[in-house]
1. Determine if segment 24-34 includes at least one residue that is touching a His at 6+ places or on another chain (Cβ under 7 Å) and without any contact (Cβ under 8 Å) to a residue 60 or more places away in the chain.
2. Give Gly51, Gly30 a once-over and let me know the one that is surrounded by fewer than 15 Cβ atoms within 10 Å (Cβ to Cβ), at pLDDT below 95 and over 10 Å from the mean Cα position of the chain (by Cα).
3. Counting only residues that are open to solvent by less than 20 Å² (accessible area, probe 1.4 Å) and part of a loop (DSSP other than H, G, I, E, B), which one in segment 96-115 is nearest to Ile53 (Cα to Cα)?
4. Before we move on, is Asp74 surrounded by 12 or more Cβ atoms within 10 Å (Cβ to Cβ) and out of contact with any strand residue (DSSP E or B) (no Cβ under 7 Å at 6 or more places or on another chain)?
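The values are calculated or read from the model by the stated rules, or taken from the named source; none is laboratory data. Note that the structure is predicted; figures quoted are calculated from it, not measured. Here the Cβ is made from the backbone with ideal geometry for all residues, glycine too, and neighbour counts use every protein chain on show. Quick note on the areas: whole protein, heavy atoms, side chains included, nothing else; ligands and nucleic acids left out. Shrake-Rupley method; radii C 1.70, N 1.55, O 1.52, S 1.80 Å.
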Amino acid sequence: MGIGLEDLARVLNMSPLTGAWFEQTESVVGFAPQKPSAMRPVILRHWAPTGAIAVVFARTTKTYRIEVFNPAHDHRDDRPKCWLREDGNIIVSRPLPIAKDDLDEAHRMCFEDDQATIDAVKAARWQTK
């Protein structure tokens with residue numbers, strides 16, 4: 001097995017790539033503030049080389065709003081921190097600003113394997129108001 005982009009970025013001490021998954025509390029993410037201590041998976045869309053803010057999209061397993069389908073992850077053996085075992089949806093219509101400090105290695109879960117998901121996230125508008 002060769003070295004992947006995620007591994008290369010880590011070796012070069014670069015910022016996370018679009019498609020990196022993190023977990024963070026709702027109080028930090030702000031997607032569903034009524035559950036402040038609940039953990040929310042978010043996928044990185046934009047990490048500027050300067051500044052303290054990154055832009056992420058939230059993932060939900062609710063089926064009421066399908067924007068970008070994201071299949072369940074099956075790489076737990078290689079990435080034990082990943083808990084995305086159910087199919088989900090990425091809400092790309094709602095870019096969320098988040099402090100880069102909140103997207104650290106302790107909160108990183110995995111890197112997206114599904115190329116269609118990565119392409120859709122890259123194509124999504126990410127500017128926040």
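1. Step one: of segment 24-34, the residues touching a His at 6+ places or on another chain (Cβ under 7 Å) are 24.
Now narrow it down to the ones that are without any contact (Cβ under 8 Å) to a residue 60 or more places away in the chain: none.
No: zero hits.
2. Details: Gly30 fails: surrounded by fewer than 15 Cβ atoms within 10 Å (Cβ to Cβ).
Residue meeting the stated conditions: Gly51.
3. Going residue by residue through segment 96-115, those that are open to solvent by less than 20 Å² (accessible area, probe 1.4 Å) are 96, 98, 103, 109-110, 112.
Next, from what is left, pick out any that are part of a loop (DSSP other than H, G, I, E, B): 103, 112.
Numbers: Leu103: 10, Glu112: 21 Å.
Ranking the qualifying residues of segment 96-115, first place goes to Leu103.
4. no
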